[in-house]
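Scroll down for the structure; my scribbles are underneath it.
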Amino acid sequence: MKKFMLFALHSCAAWASYNFGPDKAESWLTPNIPTLYDLTASQFQSAPISSYYAGSFLTTTNGNQYFVVSHLLLLTQQPQSNIRHSILDITNPSTIYLTTSSFVPTPPQPPPGKATTSGPWSYSLPNYTFSSPSSDSVSRMHTRASADKYSFDLSFAATSSALHNLGAGTFAFSSGNNSQWSLPACRTYGTLTIGEEEELTVDPARSLTWYDRQWGYVSAPPAFTWMGLRFPDGISLSVWAIDYHHSDDEDAQQWRFATVQTPQGNMILDVAVRPDEGSVWTSPATGKAYAGRWGLEFQNGDVVNVTAVRPDQELGTGISAFARVEGAFMGAEGGFGVVDVLG
């Protein structure tokens with residue numbers, strides 16, 4: 001089943017431009033962190049839930065800005081898996097928002113103990129690709145998609161050090177464990193098209209891709225919010241708010257934490273995530289209700305507000321919204337990011 005939505009609203013308001021740009025880390029490797037996985041081998045990790053995500057914050061050579069999502073969610077024990085992708089015009093967010101969510105046959109998985117652990121990899125599916133041509137499986141990656149009203153073809157280089165969520169990359173998620181690492185600001189190249197317009201070329205110096213690799217052995221919790229936020233001075237945050245019920249008779253277990261990456265080092269902070277009830281939008285397609293604004297109160301005393309630039313950034317089973325950030329974190333004022341909400 002395939003869903004395609006075009007939102008063409010005619011408000012003339014435009015947001016100020018954002019300062020997108022890649023990291024310049026010496027290496028994406030983190031050999032001193034005792035993770036339970038190898039970064040290269042994890043690109044081939046076969047698990048019941050296996051996610052490859054790229055959120056690209058793009059400035060094109062004509063000066064316009066766009067947010068492009070490419071997400072492959074492999075459900076290896078199910079007959080079908082999910083592809084989601086979208087393009088938002090950030091320069092005029094009320095005018096163009098194009099999305100596609102489709103289910104495709106799950107690609108065959110290798111037998112236990114027979115999986116490849118390094119080298120190039122590729123998932124080539126109808127009108128969609130997510131791959132790496134690199135011998136190390138990470139340093140260069142590529143994704144492309146083609147839909148009725150848009151297309152994109154993006155490559156990105158691992159110019160960030162890996163951010164391991166909760167420090168070592170593995171944490172409780174529903175009734176079991178989940179592993180997740182990110183490359184928050186990869187140097188990005190490529191093109192995109194919207195409608196009948198001419199092809200737009202990405203400016204690598206004023207663009208970045210947040211790559212996120214995640215896998216787990218249990219079903220997702222009934223409700224969670226994840227944010228990938230970017231501040232000036234090379235500060236990146238991966239923020240989780242997870243609600244989990246152990247049984248129907250128990251109150252929800254609430255996990256709230258932020259993994260912070262800075263040029264001087266990383267840290268883990270408690271965070272209160274407070275959705276603004278006055279910002280709720282209800283989807284006419286799914287009937288689900290989503291907040292469009294969140295207040296974040298960090299353990300170090302910093303407070304910021306995160307606001308989706310339009311409320312209806314629903315992409316399949318949840319929202320995957322470009323958002324602006326107001327307030328200061330560790331002295332860095334203002335920022336941007338993506339907010340994913342399920343449930």
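Over the chain, with a Gaussian network built from C-alpha contacts below 10 Å, which listed residue (Asp212, Asp89, Asp38) shows the highest mean-square fluctuation?
The residue with the greatest mean-square fluctuation here is Asp38.
Among Ser174, Val218, Gly295, whose Cα projects farthest towards the positive end of the dipole of the chain, with charges put on the beta-carbon of Lys, Arg (+1) and Asp, Glu (-1)?
Projecting each Cα onto the dipole axis, the largest value belongs to Val218.
Between the range 181-257 and the range 280-314, what's the alpha-carbon centroid distance in Å?
Between the Cα centre of the range 181-257 and that of the range 280-314, the gap is 14 Å.
By its C-alpha gyration tensor, with a ≥ b ≥ c as the square roots of the eigenvalues, how is the chain shaped: rounded for a/c under 1.5, else prolate for a/b larger than b/c, else oblate?
Judged from the Cα gyration tensor, the chain comes out rounded (a/c under 1.5).
Suppose every K and R has +1 on its Cβ and every D and E has -1 on its Cβ; what is the size of the dipole of the chain about the Cα centre, in Debye to the nearest 20?
About 660 debye.
Run the numbers on the chain and let me know its relative contact order in percent, using alpha-carbon pairs under 8 Å that are six or more apart.
Result for the chain is 15 percent.
Counting only helical runs of four or more DSSP H residues, what would the 222 nm mean residue ellipticity of the chain come to if each run contributes -39,500 (n - 2.57) and the total is spread over all its residues?
Counting only the DSSP helices, I get 0 deg cm²/dmol.
Treating only the Cβ of Lys, Arg, Asp and Glu as charged (+1, +1, -1, -1), what charge dipole size does the range 227-326 show about its Cα centre? Round to the nearest 20 debye.
520 debye
Using a Gaussian network for the chain with springs between C-alpha atoms less than 10 Å apart, which of these wobbles most: Pro275, Pro126, Pro184?
The residue that fluctuates most here is Pro126.
Name the residue farthest towards the positive end of the dipole of the chain from the options Ser51, Ser137, Ser102, assuming +1 on Cβ of Lys and Arg, -1 on Cβ of Asp and Glu, about the Cα centre.
Ser137
Considering only DSSP states other than H, G, I, E and B, which trypsin sites (Lys or Arg not before Pro) in the range 56-150 qualify as loop sites with at most 11 other Cβ atoms within 10 Å?
Lys114
Values in this text are rule-based calculations from the coordinates and carry no lab data. Fair warning: this is a prediction, and the values are worked out from it, not measured in the lab. We place every Cβ from the backbone using ideal geometry, glycine too, and count neighbours over all the protein chains shown.
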